[in-house]
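Novice: The following block contains the structure, expressed as structure tokens.
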Amino acid sequence: MKKILALIFLGLNLNANCQTVGVEKTFFSIQTGLAGIWINNETKLSNSIALRSEIGIEHDFFVGDQYDGAGFILQPVLTLEPRYYYNLEKRNSRGKKTSKNSGNYLSLKTSYHPDWFVLNLDENITKTADLSIIPTWGIKRQIGSNFTYETGLGLGYRIVYLKPNYYNGSSQNVDDVSTNRNQYTPYLHLRIGYTF
């Protein structure tokens, strides 16, 4: 009987060790950073790819000159970001945490700042919308059971959707047609969060 129990225990142990480590099925979190707050969800697409969807309000440090003279502003943001976590197996083999997708990742961060509202903006300055696509490298780590921190950086491209006769604080565009402004944009984030 002892031999049978030992074989069952050994079999269960080998089976547990043979399972592959991957991203979690789904979880929600709330994060805060240098200048913003975000609510997000990560959903498993494959063993190493998760889709992060996010809504928040943030300050854009690299906003460009469409808000010249506006001071410190906060604006809403909607983000979709497929993330490829490339080192979860390696972290697991070294005995490091991989829960809540704790690992290094590559992503394609796609963010839209709608022109719904902007906080702390001179009423005379026109609100603008923009869309950015930024390839990003980042790390995410778990602290305790529910807290995480992450950082990421990248360089991408942004299209700013300017309205007819927009005013940016220092000059007014007198065109009667909508125009777009294209610009390269750097990206850096440092965040701490709580997962549910």
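The values are calculated or read from the model by the stated rules, or taken from the named source; none is laboratory data. Since the model is a prediction, treat every value here as computed from it, not as a measurement. With ideal geometry, Cβ positions are generated from the backbone for all residues, glycine too; neighbour counts draw on all protein chains shown. Heads up: the accessible areas ignore ligands, DNA and RNA and are worked out on the full protein's heavy atoms, side chains in. Shrake-Rupley method; radii C 1.70, N 1.55, O 1.52, S 1.80 Å.
Okay, residues lined up against (1) more than 21 Å from S53 (Cβ to Cβ); (2) among the aromatic types (F, W, Y); (3) buried (at least 21 other Cβ atoms within 10 Å of the Cβ):
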| residue | (1), (2), (3) |
| --- | --- |
| L88 | no, no, yes |
| N92 | yes, no, no |
| K96 | yes, no, no |
| N101 | no, no, yes |
| P135 | no, no, no |
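Novice: Separate question: Identify the single condition in (1) buried (at least 17 other Cβ atoms within 10 Å of the Cβ); (2) closer than 20 Å to Y194 by Cα that F147 does not satisfy, given that it satisfies every other one.
Specialist: Here F147 meets the rest and fails (1).
Novice: Among the listed residues L131, L108, identify the single one that is open to solvent by 70 Å² or more (accessible area, probe 1.4 Å) and modelled with pLDDT of 85 or more.
Specialist: Answer to the selection: L108.
Novice: Scan segment 8-21 and tell me whether some residue there is part of a loop (DSSP other than H, G, I, E, B), under 27 Å from Y157 (Cβ atoms) and either within 14 Å of the chain's Cα centre (by Cα) or modelled with pLDDT of 60 or more (or both).
Specialist: no
Novice: State whether one or more residues within segment 180-191 are in a strand (DSSP E or B), at pLDDT 95 or above and buried (at least 18 other Cβ atoms within 10 Å of the Cβ).
Specialist: yes
Novice: What number of residues within segment 118-128 satisfy the criterion of being more than 17 Å from I55 (Cα to Cα) and open to solvent by 40 Å² or more (accessible area, probe 1.4 Å)?
Specialist: Result for segment 118-128: 5.
Novice: Okay, next question. D115 - would you say it is at pLDDT below 95, more than 14 Å from the chain's Cα centre (by Cα) and exposed (fewer than 14 other Cβ atoms within 10 Å of the Cβ)?
Specialist: No, not satisfied.
Novice: Within segment 53-62, can one find any residue that is out of contact with any Lys or Arg (no Cβ under 9 Å at 6 or more places or on another chain), at pLDDT 95 or above and closer than 20 Å to N182 by Cβ?
Specialist: no
Novice: Can you tell me which residues in segment 150-179 are under 29 Å from the mean Cα position of the chain (by Cα), of a type in the set (S, T, N, Q) and either modelled with pLDDT of 65 or more or surrounded by fewer than 18 Cβ atoms within 10 Å (Cβ to Cβ) (or both)?
Specialist: T151, T179
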